[in-house]
Amino acid sequence: MSNSFIMWSLALLPWLSLFFMRKEEIKRWMPVAMFAVVLTTIIGDIGIGLGVWATRESTYPFSEMLPYFYGTMPVLTIWVFKFTYGRFWPYMITNTILDIVFNFFILAYFLPSRGIVDFNMSPFLSLPVTLLHAVVIYGYQMWQDDALLATNRLTEHNIQPAAAKPLVQQPKDDE
């Protein structure tokens with residue numbers, strides 16, 4: 001199996017699993033998944049700049065970043081939030097298991113053995129970074145929920161700008 005096939009599979013195949021999720025659930029969790037992608041991209045860019053890892057084989061248009069960041073990771077975020085959000089400890093246990101698999105097996109062993117990535121950091125040091133990432137995106141989702149609730153409270157009271165309110169009917173003069 002070619003490295004290009006592996007990397008494209010990491011980017012595209014996970015998105016197919018969303019066909020098994022309701023559209024409302026995807027809409028509910030997509031913002032936190034996109035936030036996780038942005039945060040992971042920033043962490044990845046910092047890691048490349050510091051020489052923590054280097055991409056040796058890439059696929060277009062992913063020149064420096066792993067396709068995992070745009071496929072597997074956001075889809076896993078959606079699924080994990082679907083089943084664990086609202087219960088912090090099951091969320092963290094699930095993330096810890098997934099992060100151990102990612103850091104110790106995929107990032108430290110599988111991808112370097114295929115010549116895709118050079119990983120110059122101990123998985124024991126990268127694990128706290130990925131766990132902190134999980135805490136930050138959980139906090140982001142909690143913040144999103146508060147923001148959405150505040151918006152819902154405003155719409156419950158039918159608050160509208162003055163221009164959107166109907167004009168008051170003027171009584172007609174009898175002539």
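The values are calculated or read from the model by the stated rules, or taken from the named source; none is laboratory data. From a predicted model like this one, the values you see are computed outputs, not experimental measurements. Because the Cβ atoms are built from the backbone with ideal geometry, glycine has one as well, and the counts that use them run over all protein chains shown. We work out accessible area using only protein heavy atoms, side chains counted, and drop any ligands, DNA or RNA first. Shrake-Rupley method; radii C 1.70, N 1.55, O 1.52, S 1.80 Å.
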Quick one: net charge of LEU18's neighbours, Cβ under 14 Å, K/R +1, D/E -1?
+3
Reference-scaled alpha-carbon Rg (2.2 N^0.38 Å with N residues) for the stretch 1-129
1.06
Heavy-atom accessible area of the stretch 36-133 with neighbours in place, 1.4 angstrom probe: carbon+sulfur share in percent works out to 71
Which distance in Å, rounded to a whole number, links the C-alpha centroids of the stretch 72-146 and the stretch 1-47?
12
Counting only heavy atoms of protein chains, what accessible area per residue, in Å², does the stretch 3-145 have with a probe of 1.4 Å?
54
Net charge of Cβ neighbours under 11 Å - reference ILE106; Lys, Arg +1; Asp, Glu -1:
0
Net length gained if the chain between SER4 and MET142 were fully extended (0.36 nm per residue, minus Cα distance)
46.0 nm
